[in-house]
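Quick notes on the structure that follows.
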Amino acid sequence: MNTLGYVAIGAGISQVALTSALLVAGHLDSLSRRLFGLLMFAELAYLLMPLFHGRDGLWLLSAASTLVPGAFWLFSASLFDDHYEFPLWQPLLVALSVI
């Protein structure tokens, strides 16, 4: 990987870290904040994958990074509904996509 790739990954990780710090500074009492934290975790795993290419434990990062679309879907659904309670099939569908 070239230097520009490392700079881009570092910039992405810094933005995820900043957003996570702002999230932790608030209260994690709402479902949308917790789902946003899950989305940030999945995005961090996605950003770290190229750095650990060819090493042991890559399957764990790969599994966590496949969570990005499902976590984004659940977060978006909870964000635009005031009293959102997702049915059981939605997180099961996200878990199925990760597996």
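The values are calculated or read from the model by the stated rules, or taken from the named source; none is laboratory data. Everything numeric here is computed off the predicted structure, so don't read it as measured data. Quick reminder, even Gly has a Cβ in these numbers, built from the backbone with ideal geometry, and neighbours come from all protein chains shown. Please note that ligands, DNA and RNA were not included when accessible areas were found on the heavy atoms of the full protein model with its side chains. Shrake-Rupley method; radii C 1.70, N 1.55, O 1.52, S 1.80 Å.
Which percent of the accessible heavy-atom area of the stretch 1-70 goes to carbon and sulfur, probe 1.4 angstrom? Carbon and sulfur: 69 percent of the exposed surface of the stretch 1-70.
Mind telling me which of Val16, Val24, Val68 comes out most flexible in a GNM of the chain, alpha-carbon contacts under 10 Å? Of Val16, Val24, Val68, the most mobile in the Gaussian network model is Val24. Evaluated with a Cβ-only charge set (Lys, Arg +1; Asp, Glu -1), the chain carries a dipole of roughly 280 debye about its Cα centre, given to the nearest 20. Structural size metrics of the chain, computed from C-alpha coordinates, are Rg and Dmax of 14.9, 46 Å. Three principal axis extents of the stretch 1-55 based on alpha-carbon atoms, in descending order, are 41, 19, 13 Å.
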